[in-house]
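Take a look at the structure below.
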Amino acid sequence: MKILVTGGAGFIGSNLVDRLINEGYKVFVIDNLSGGKKENLNKKAIFYKDDIYHLNKILPLFKEIDYVFHLAANPRVVFSVENPIESHKFNVNGTLNVLYASYKNKVKRLIFASSSAVYGNIKKLPLKENTIPHPISPYGLHKLIGEFYCKLFSNLYNLETVCLRYFNVYGPRMDPEGPYALVIGKFLKLKKENKPLTIYGDGKQTRDFVYIDDVVLANILAMKSKKVGKGEVINICSGKNYSISYIAKLIGGKKVYLHPRKGEVRHTLGDNSLAKKLLNWQPKIDLEEGIKRCREYFGLDL
């Protein structure tokens with residue numbers, strides 16, 4: 001069976017590629033390496049360095065592909081606020097191209113990597129899939145548009161799709177560099193460098209963190225489940241949230257507080273009951289165990 005992963009050199013994508021190859025699938029990867037790293041790539045994967053917004057280039061790469069995991073995206077919230085046009089080109093036009101290429105090549109199912117950023121600053125928690133989205137960043141809006149396109153392609157063209165709304169994913173290969181990195185990775189890097197942990201805002205903002213192995217499993221189950229395929233939207237989250245200050249406390253060290261960043265939500269907490277119902281999925285790795293594994297990955301003796 002042949003599987004294509006867009007963004008397969010990135011943090012989540014490369015971990016997914018490893019799992020797929022270990023399960024015996026033949027895996028193809030499209031990645032422009034703007035965020036992903038070639039050293040992340042499994043040597044057994046067939047790699048194409050290209051941009052998904054070049055339809056004519058990627059269209060033939062979908063020939064005889066059975067399943068597509070679409071994870072390629074421009075880096076998250078802050079980038080989209082600073083570069084809305086560029087972000088739209090990649091996240092919206094690129095997603096449309098991937099859907100179209102999948103449809104034209106008779107792909108069986110496409111699994112789309114969406115984000116909890118679609119919800120915005122909704123105060124009623126936990127966030128459920130039927131909560132009306134109010135994205136407060138271009139990135140969140142682009143992911144929401146991607147979900148609608150998935151649903152549309154299922155309805156119009158009979159392309160099976162399912163959308164996984166990732167919350168805050170962390171684990172080995174997460175990128176601790178730059179302004180777009182997740183807080184756990186950044187904190188671990190700062191700790192390793194004996195620098196103070198940078199907290200944007202008051203540190204009371206909370207996040208629902210989910211470990212990479214759990215996210216990879218959710219993708220595999222979304223590919224196999226007979227209960228999905230019509231553009232369903234499913235939260236992939238732990239169902240628990242923790243403050244940034246608590247994360248800093250777990251990792252340890254001095255802290256420095258800076259102004260909050262534009263476009264970032266105050267609190268996230270997801271309801272994962274639909275994932276359990278439709279995918280038979282639930283997270284297995286709690287935050288403390290996950291951070292312990294990350295410490296080992298970063299070579300930290302805390």
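The values are calculated or read from the model by the stated rules, or taken from the named source; none is laboratory data. Predicted model, so just to flag it, every value in this text is computed and none were measured. Neighbour counts run over all protein chains shown; Cβ positions are idealised from the backbone, glycine included.
Listed by first and then second residue, the pairs with beta-carbon distance under 6 Å, at least 6 apart or on different chains, first residue in region 62-80 and more than 16 Å from I30 (Cα to Cα) and in contact (Cβ under 8 Å) with a residue 60 or more places away in the chain, second part of a loop (DSSP other than H, G, I, E, B) and aromatic (F, W, Y), are P75/Y180; R76/Y180; V78/Y180; F79/Y180.
Of the candidates N15, N40, N105, the single residue that is surrounded by fewer than 24 Cβ atoms within 10 Å (Cβ to Cβ) and within 15 Å of the chain's Cα centre (by Cα) is N15.
In a residue-by-residue description of region 294-301, the property of being in contact with a strand residue (DSSP E or B) (Cβ under 9 Å, 6 or more places away or on another chain) and not polar (S, T, N, Q) applies to at least one position. Of the residues K123, K143, K151, which single one is in a helix (DSSP H, G or I), under 21 Å from S238 (Cβ atoms) and charged (D, E, K, R)? Just a single option satisfies the conditions, and that option is K143. From the list Y53, Y100, Y48, the lone residue that is in a strand (DSSP E or B), of a type outside the set (K, R) and out of contact with any Ser or Thr (no Cβ under 9 Å at 6 or more places or on another chain) is Y48. Just one of the numbered conditions (1) closer than 27 Å to V68 by Cβ; (2) outside any helix (DSSP H, G or I); (3) not assigned by TED's automatic domain parsing to the domain that holds L164 is not true of L274: (2).
The set of residues in region 10-45 that are out of contact with any Ser or Thr (no Cβ under 9 Å at 6 or more places or on another chain), more than 19 Å from L110 (Cβ to Cβ) and among the hydrophobic types (A, V, I, L, M, F, W, C) comprises F11, I21, L33. Of all residues in region 246-277 being free of Cβ contacts under 8 Å to residues at least 60 places away in the same chain and crowded, with 18+ Cβ neighbours inside 10 Å, which is farthest from K128 (Cα to Cα)? Out of the qualifying residues, it is A275. Here A218 fulfils each of the conditions (1) modelled with pLDDT of 95 or more; (2) surrounded by fewer than 21 Cβ atoms within 10 Å (Cβ to Cβ); (3) of a type in the set (A, V, I, L, M, F, W, C) apart from (2). Taken over region 187-213, the criterion of being assigned to a helix (DSSP H, G or I) and surrounded by fewer than 21 Cβ atoms within 10 Å (Cβ to Cβ) is satisfied by K189, L190, K191, K192, D213.
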